[in-house]
Every structure is written in structure tokens, then in C-alpha cells.
2 protein chains.
Amino acid sequence: MTTINDIAKMANVSRTTVSRVLNNNGYVSEEVRKRIIQIVEETGYIPSLSAKSLRTKKSGVIGVIIPRIDTETASRVVSGINEVVAKENFQILLTDTELDKQKEIEYIRLLQSRHVDGIILLATNINDHLISTIQDVELPFISLGQDLPGVTSILYDDYHAAVDMINMLVSKGHERIAFIGVSEEDPSVGVLRKKGYLDALAKYGYAVKDSWLETGDFSIESGYEAMKKIIKNSDKELPTAVFVVTDRMAIGAMEYLREQGFRIPEDVAVVGIGASTMSQYVTPSLTTVDYFNKEAGQKAAQLLLEQLKQKKEKEKFVQTYRLIKRDSV
Amino acid sequence: MTTINDIAKMANVSRTTVSRVLNNNGYVSEEVRKRIIQIVEETGYIPSLSAKSLRTKKSGVIGVIIPRIDTETASRVVSGINEVVAKENFQILLTDTELDKQKEIEYIRLLQSRHVDGIILLATNINDHLISTIQDVELPFISLGQDLPGVTSILYDDYHAAVDMINMLVSKGHERIAFIGVSEEDPSVGVLRKKGYLDALAKYGYAVKDSWLETGDFSIESGYEAMKKIIKNSDKELPTAVFVVTDRMAIGAMEYLREQGFRIPEDVAVVGIGASTMSQYVTPSLTTVDYFNKEAGQKAAQLLLEQLKQKKEKEKFVQTYRLIKRDSV
DNA sequence: CTGAAAGCGCTTACAG
DNA sequence: CTGAAAGCGCTTACAG
């Protein structure tokens, strides 16, 4: 492999000088510069960024930890992150926990050993081990989607999005509203969205039957199963609407309702969260909340880049959202 | 930052010995090993993989180049790659060309300078500059989805998938079949799928009207627009079916047809390729081809890992596929 | 079983 | 304007 030393020899200069023209800093005579550049091109020399990074303590790599890459939410976020960092010539080192909590912690350590310049974490839960691991990280660190104590976090407004959704359903005359959520290990999706739902209904004084509350695991199938349970267990007190905390599970719920001959929205209205592409093209089109995932990713990347330039206070940013009314209500 | 030297001092041994216990090779007395391990844990020492990589010439990182991360195809492939490489403790360095051909070449060079151990490319086109750039790469290199000369390639069976689809439509009685493709700069999606369509129809002796041929740019909207043009320009010779080379464009085409009051499939049948999640949940559900993208990603990763262990001949692998018949036909 | 030394490919004060 | 030297944090023959 060609190294800076080879180039130096071929150009009859020191590697110091080669380094100067490569990085475009320091004085180099025009003549020498040209000679070196020509040799670099002829040889197809590619500098070793590992060596550079060892020396400069900067890698130009951002570590990203996501729960699953093959979901629309995650891929939008990653796309947003990439757009921003690529402009500054950073790349993404991608790690996928496959929903394994333990791996979130492992990957935080791994990314440090790989000398990334900063880390963006899309967490799915909060626990003490995770938090203490993050405290020890000396790199810029951004949490996206979960409010991690002591960490700069970009948050979706889960609580208010849920409240708005319930308000909208109530304004349409619904009083019996069921709920399909996820595990409460997930503070944002599992706890906050549920709290918004419960609080909003409580405000109106509408009761929530136990049989109307089910949880899934983010998959379409689990939405289908949850809906089935709700219908089976509700006897004559069927809900007239169901609030599902993700679009995918909402699609599953719709699927079950359709199979059973319920009309949507006449018999049961269905709403989700996420503004997936699918939500727009299913029939009836799904009422949902757009969280602007890509923009959230961009924001996370921008914050990280800023922190790279100067240490900043830890802050919390709440993203805006938009309720999209469609035909499922 | 703690380094191997710090650990060595604290343990009263040489850094050679520390390296030995860290990498678990060479003889170290049990007593010394324990002492070192304890100190490593106490200090939370994280070895520098950049330094290690500079020395060993191996980074444990696989470079992946994709045209867009926020598409289902790409994210499935990346997920498949990740599953396989993560098991061997490799990570993915992700680069997204955003459909910019020039960036494919830039990123190949960049990944080399970052000393990745191998590269997987999802190309969208083939050109001389790209090919010559790849020839110069001395790392294991896999192309996924395009047949690059002289490069180990994993291919979808675009030609036969298209032929099968047309055969199926013909068997349902269709003789007037329109086509929505993409730019022929893309040999796999643009050329092969179109060739399959044309050849199959020619075999039956069915004519193809010019007004039945349109192209899009992979987006849902472009499918909508292409369908619109076909309908507008076909006057009284409307097709009874349309073969769209991607699911997303097919969804757009369905959208337009529905808006115009065409019944699917009674007035016009629609088929796609890709087996997107959406294809299953739109109404009517879309007949499509499953390319098993995730498995293709896994296969690519396995091949790369094998090549890492031993140089291999360049080979071509054609993936299997499955036609999924649904209600849009 | 253990250590001293060389070296991976760079950058950066420092000196001239 | 240019170069010699030191050093980033590791691993690996080699010697003992």
C-alpha cells in the first residue's frame, strides 16, 4: 500500500511537506505543491484515516445506535442524520440493537473504543445501567426519542400528541375509546402516550374499561391480536374508537376489524401515530400524527455537530408534530 | 484517557503483557491475568480500536454504500447485512449516495481510506468510471443488485421475475399490458425488467403501444404521473393491466386509477415488484414479487466474511424470488 | 512466563 | 518555505 512516506520519497521531500499539501495548511511552495499533487494522483494514493485519527483524536465518524433499521421511523431518522453529517464529511457507524437492551450499553462502549466523535442513541427504554454508562461517556451524546436525565435529548411530544388525538375523537362524538399501547418499559411510547390517553378521557369523565386496554410489540401482527382481544373481551360494551400508539399496530387492528366485518370508521374509528407511508395508502386512509422523524434526525445531527465545536449545556428539545386527519375517523 | 500504558503501570507489568490478556493470546500467569483484568474493570479502560487497526491492518468495519436508506428495500438489505456481520463483531459504516452516481465512486475511495475490511455496494447504475474504481480496490468487494463485471455479485432475477409476471397476467386473459419502468441507466431495474416484459409479450405476439410505456423515478408520485400519462395518451386503446417495476410506483398508479374511477382489477389490473409491507395492506392488496431483500443482504455479508478469510474467485449468485398473487389482478 | 524494541501511517510543535 | 523528531495507542516478532 502506498503511504505518505512513499509519496515523500517520490517527490524528494519530507513527509511533513506532503502532509501539509494534503491538509492544505502551512506554507508550501507552489512548485513543490504541484509536484506532490501530481504524484498523489498518479499513484492513486489514499491517506489512512485510521492513522490520522490516532494522531488527531478525531475520526470523522458519528456512532448511531438504533433499535431496528428496518422500520420506517428509524430509517427516516438515520436518513436525516446522514444528510446533515455527510455535508460536513462525517460518516455514520451504524449499530442495531435488535431491541436488545443489553446491546445499547455494549454499543455505547464499542463506539467509544472505535473513537467516534459523537453518539446518537435512539433508546427504547431507560434503566440505571444505561444512564450510568452514558454519564461516563466523554463524547458529545444525543438521545433521540427518550428523555434521558443529564443527556441532551430531542423528544417527540408524546403526551400532547395523545391528548390531541383523544380530543379529536371526542369532538367527533366518541365516548368509548379503546387503547393499544406497548410495554411501559418504554417511557415515551409506552408510558407518555398512554398517560395522554388516560388523562384526556378522565377530563371528559369518560370511563375506560379494562378490556379496552391492550398492548402489542410494535409489529403489525401484534396490533391485529390486540384488537382481537379487545373485541372478544368487550362483550356488549364495544368501543367506538381505538387509539393505537403506532401506525403499524393500527394497520394490524384495522385488518382484524375488516375481517370481522366492522366498518371503519362507521362502526369503529382507528387512529395511529407515526405518519408512515402506509398510513396514507391503506383504505380507509389512517388518521395519524406526523412526528417529522427525518427532521428530528437532522436536528440531532446538528446539535451533535455544534457540541463537537464547543461544549454545551445539556438541553431538552421538544419537536413539533402535526395531526393528520384522514378517513379512518 | 486511559491507555494500555496506564494499565501496565498500575499493574506493574509491561504493556506487552496487558495486550496479551486483553487479546487472550500468549502465556500469562493466572495471577498476573487476574490483576490486570481487575484493573481494567476498575478503570473502565476501553482499548483504542483505531490504534489496534493501524497496527493489525484490520478494522472490523464493513463499508456499505446504498442509494437511499429510507426505502424499504435498502433498509431490509442493511438489516440483513448487519445481522450477519454483528455476530462476528463487525460494524457497518454506512454511506448513502442519495442517488448521486458520483458519490458511489467517492465513497468507495473514502471507505478504503477508512480502512474498512470489505465493501458492499448497492449500485443503481454501471459506468466505466465506477468499474475501473472498483478494479483498483484491493479489499473484498460485493455488488448487490447489479451485475458488475469482474466483481462478485448477488443478483435478483429481474428478467425472469418480469417474464413470470407477464405470463401470469396473460394467463388471466390480459393482452393489452402497459409498463411503468425506470431509467435505463439502471441495468437491473431499468433494462432487465423491461426486457422481460417485452420478450414475454412478443412471445405471445401481443403488441405493445408506445403510449403504454412510461418511466418514473421510484417515487410513489412518479407512479401516479406515469399512470396518468398512460391513460391520457391511450385514447381508446386502454390497457387492461399494467406492470410496474416497483411496488411504490405501483401504489401511485393504483392511486391514480382509483381517483379516476377505474376498478382494480376489473377495469385495470396492477402488479408491482418488491413485496413491500405496504403492498400487503393496500386495497386491493397488490400482486408483487418477493425478492427476499433481507436474505440477499445476509448472503452478501456471508460472502464478504468468507472472502475476508480467504481470497476467492469472483462469482455471480442469482437469488430466488417468489411471485405473490393478491387481489389487484 | 515476561519485557524491550520496532513499527503501523499519520500530524505537529520546534528549529532553521 | 522545509525537515527531523516525537508521539498517538496499539501488536508482535524476538530474546531471555
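The values are calculated or read from the model by the stated rules, or taken from the named source; none is laboratory data. Remember, it's a predicted structure, so these values are computed and weren't measured experimentally. Here Cβ is always computed from backbone atoms with ideal geometry, including for glycine, and neighbour counts include all displayed protein chains. Heavy atoms of the whole protein, side chains included, go into the accessibility calculation; ligands, DNA and RNA do not. Shrake-Rupley method; radii C 1.70, N 1.55, O 1.52, S 1.80 Å.
Where residues in region B:172-190 are open to solvent by 40 Å² or more (accessible area, probe 1.4 Å) and within 18 Å of B:Gly272 (Cβ to Cβ), which of them is nearest to the chain's Cα centre (by Cα)?
Restricting attention to region B:172-190, the residues satisfying the condition of being open to solvent by 40 Å² or more (accessible area, probe 1.4 Å) are B:172-173, B:175-176, B:183-185.
Checking the rest, the ones that are also within 18 Å of B:Gly272 (Cβ to Cβ) come to B:172, B:183.
Numbers: B:Lys172: 32, B:Ser183: 18 Å.
The selected residue is B:Ser183.
How many residues does region A:39-71 contain that are among the charged types (D, E, K, R) and modelled with pLDDT of 95 or more? Talk me through it step by step, then tell me what you get.
Of region A:39-71, the ones among the charged types (D, E, K, R) are A:41-42, A:52, A:55, A:57-58, A:68, A:70.
Imposing the further condition that a residue be modelled with pLDDT of 95 or more reduces the set to none.
Result for region A:39-71: 0.
Test B:Lys87 against the stated conditions and say whether it is within 16 Å of DNA strand C (Cβ to nearest atom) and out of contact with any helix residue (DSSP H, G or I) (no Cβ under 7 Å at 6 or more places or on another chain). First the steps, then the outcome.
Numbers: within 16 Å of DNA strand C (Cβ to nearest atom): no; out of contact with any helix residue (DSSP H, G or I) (no Cβ under 7 Å at 6 or more places or on another chain): yes.
Considered against the rule, which asks whether it is within 16 Å of DNA strand C (Cβ to nearest atom) and out of contact with any helix residue (DSSP H, G or I) (no Cβ under 7 Å at 6 or more places or on another chain), B:Lys87 comes out as no.
Taking region B:285-298, which residues are touching a helix residue (DSSP H, G or I) at 6+ places or on another chain (Cβ under 8 Å) and either open to solvent by 30 Å² or more (accessible area, probe 1.4 Å) or at pLDDT below 95 (or both)?
Once the filter is applied, which keeps residues that are touching a helix residue (DSSP H, G or I) at 6+ places or on another chain (Cβ under 8 Å) and either open to solvent by 30 Å² or more (accessible area, probe 1.4 Å) or at pLDDT below 95 (or both), region B:285-298 yields B:Lys294, B:Glu295, B:Gln298.
Of everything in region A:109-124, what is more than 19 Å from B:Gly63 (Cα to Cα) and at pLDDT below 95? Give them in sequence order.
Those that are more than 19 Å from B:Gly63 (Cα to Cα) and at pLDDT below 95: A:Arg109, A:Ala123, A:Thr124.
Considering only region A:14-34, state which residues are within 14 Å of chain B (Cβ to nearest Cβ) and over 28 Å from B:Leu49 (Cβ atoms).
First, pick out the residues of region A:14-34 that are within 14 Å of chain B (Cβ to nearest Cβ): A:22-23.
Selection gives nothing.
Taking the conditions exactly as written (of a type in the set (Val, Ile, Thr), more than 10 Å from chain A (Cβ to nearest Cβ) and either out of contact with any Lys or Arg (no Cβ under 6 Å at 6 or more places or on another chain) or over 25 Å from A:Pro47 (Cα atoms) (or both)), does B:Ile92 satisfy them or not? Outline the logic, then answer.
Values: of a type in the set (Val, Ile, Thr): yes; more than 10 Å from chain A (Cβ to nearest Cβ): no; either out of contact with any Lys or Arg (no Cβ under 6 Å at 6 or more places or on another chain) or over 25 Å from A:Pro47 (Cα atoms) (or both): yes.
Against the criterion (of a type in the set (Val, Ile, Thr), more than 10 Å from chain A (Cβ to nearest Cβ) and either out of contact with any Lys or Arg (no Cβ under 6 Å at 6 or more places or on another chain) or over 25 Å from A:Pro47 (Cα atoms) (or both)), B:Ile92 does not qualify.
Yes/no matrix, rows are residues, columns are (1) open to solvent by less than 10 Å² (accessible area, probe 1.4 Å); (2) part of a loop (DSSP other than H, G, I, E, B); (3) closer than 22 Å to B:Asn293 by Cβ:
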residue: B:Glu98; (1), (2), (3): no, yes, yes
residue: B:Val137; (1), (2), (3): no, yes, no
residue: B:Ser143; (1), (2), (3): yes, no, yes
residue: B:His160; (1), (2), (3): no, no, yes
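Quick check: anything in region A:35-53 within 8 Å of DNA strand D (Cβ to nearest atom), out of contact with any Asp or Glu (no Cβ under 8 Å at 6 or more places or on another chain) and within 14 Å of chain B (Cβ to nearest Cβ)? Spell out how you get there, then give the answer.
Filtering region A:35-53 down to residues within 8 Å of DNA strand D (Cβ to nearest atom) leaves A:51.
With the extra rule that they be out of contact with any Asp or Glu (no Cβ under 8 Å at 6 or more places or on another chain), the set shrinks to A:51.
Those left that are additionally within 14 Å of chain B (Cβ to nearest Cβ): A:51.
Yes, region A:35-53 contains a residue that is within 8 Å of DNA strand D (Cβ to nearest atom), out of contact with any Asp or Glu (no Cβ under 8 Å at 6 or more places or on another chain) and within 14 Å of chain B (Cβ to nearest Cβ).
As an exercise: evaluate B:Asp147 against (1) in a helix (DSSP H, G or I); (2) open to solvent by 10 Å² or more (accessible area, probe 1.4 Å); (3) touching a residue at least 60 places away in the same chain (Cβ under 8 Å) and give the number of the one condition it does not meet.
(1)
Residues in region B:54-75 that are away from DNA strand D (no atom under 13 Å from the Cβ) and among the polar types (S, T, N, Q): how many?
Looking only at region B:54-75, we keep the residues that are away from DNA strand D (no atom under 13 Å from the Cβ), and these are B:61-75.
Still in the running and among the polar types (S, T, N, Q): B:71, B:73, B:75.
Matching residues across region B:54-75 total 3.
What's the total number of residues in region B:55-71 that are open to solvent by 20 Å² or more (accessible area, probe 1.4 Å) and either away from DNA strand C (no atom under 16 Å from the Cβ) or over 21 Å from A:Val116 (Cα atoms) (or both)?
4
How many of the residues in region B:84-96 are within 21 Å of B:Asp147 (Cα to Cα) and modelled with pLDDT under 95? It would help to see each step written out before you state the result.
Let us first name the residues in region B:84-96 that are within 21 Å of B:Asp147 (Cα to Cα), namely B:95-96.
Imposing the further condition that a residue be modelled with pLDDT under 95 reduces the set to none.
Here the count works out to 0.
Of the numbered conditions (1) surrounded by fewer than 17 Cβ atoms within 10 Å (Cβ to Cβ); (2) at negative phi, A:Gly44 fails exactly one; give the number of that condition.
(2)
A quick yes/no check of all residues on (1) within 16 Å of DNA strand C (Cβ to nearest atom); (2) in contact (Cβ under 8 Å) with a residue 60 or more places away in the chain:
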| residue | (1), (2) |
| --- | --- |
| B:Thr16 | yes, no |
| B:Gly26 | yes, no |
| B:Ile39 | yes, no |
| B:Ser53 | yes, yes |
| B:Thr73 | no, yes |
| B:Thr95 | no, no |
| B:Leu99 | no, no |
| B:Glu106 | no, no |
| B:Asp117 | yes, yes |
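Take residues that are among the charged types (D, E, K, R) and tell me which of the helices (runs of 4 or more DSSP H) falling wholly in region B:192-308 contain 2 or more.
On the way: elements: B:193-204, B:220-233, B:247-259, B:277-281.
By residue number, B:193-204, B:220-233, B:247-259.
Please work out which residue is farthest from B:Tyr281 (Cα to Cα), limiting yourself to region A:214-242 and to residues that are under 22 Å from the mean Cα position of the chain (by Cα) and of a type outside the set (D, E, K, R).
Ranking the candidates gives A:Thr215 first.
Looking at the structure I just gave you, is A:Thr2 modelled with pLDDT under 90 and away from DNA strand D (no atom under 15 Å from the Cβ)? Can you show your working first?
On the way: modelled with pLDDT under 90: yes; away from DNA strand D (no atom under 15 Å from the Cβ): yes.
The answer is yes for A:Thr2.
I'd like to check something: does region B:275-294 contain any residue that is within 14 Å of chain A (Cβ to nearest Cβ) and more than 30 Å from B:Glu83 (Cβ to Cβ)?
For region B:275-294, residues within 14 Å of chain A (Cβ to nearest Cβ) and more than 30 Å from B:Glu83 (Cβ to Cβ): present.
Is region A:100-112 home to any residue that is touching a Lys or Arg at 6+ places or on another chain (Cβ under 9 Å), open to solvent by 40 Å² or more (accessible area, probe 1.4 Å) and either in a loop (DSSP other than H, G, I, E, B) or under 30 Å from A:Ala202 (Cβ atoms) (or both)? It would help to see each step written out before you state the result.
Of region A:100-112, the ones touching a Lys or Arg at 6+ places or on another chain (Cβ under 9 Å) are none.
No: zero hits.
Which of the residues that make up region A:12-31 are modelled with pLDDT under 90, more than 24 Å from B:Ile108 (Cβ to Cβ) and either of a type in the set (A, V, I, L, M, F, W, C) or more than 9 Å from DNA strand D (Cβ to nearest atom) (or both)?
Of everything in region A:12-31, those that are modelled with pLDDT under 90, more than 24 Å from B:Ile108 (Cβ to Cβ) and either of a type in the set (A, V, I, L, M, F, W, C) or more than 9 Å from DNA strand D (Cβ to nearest atom) (or both) turn out to be A:Asn25, A:Val28.
Any idea which of A:Leu121, A:Leu155 is surrounded by fewer than 24 Cβ atoms within 10 Å (Cβ to Cβ), within 19 Å of A:Gly80 (Cα to Cα), of a type in the set (A, V, I, L, M) and away from chain B (no Cβ under 14 Å)? Walk me through it before giving the result.
Values: A:Leu121 fails: surrounded by fewer than 24 Cβ atoms within 10 Å (Cβ to Cβ).
Just one listed residue meets the conditions, A:Leu155.
As an exercise: evaluate B:Ala11 against (1) of a type in the set (Gly, Ala, Ser); (2) surrounded by 15 or more Cβ atoms within 10 Å (Cβ to Cβ); (3) away from DNA strand C (no atom under 13 Å from the Cβ); (4) free of Cβ contacts under 8 Å to residues at least 60 places away in the same chain and give the number of the one condition it does not meet.
All conditions pass for B:Ala11, except number (3).
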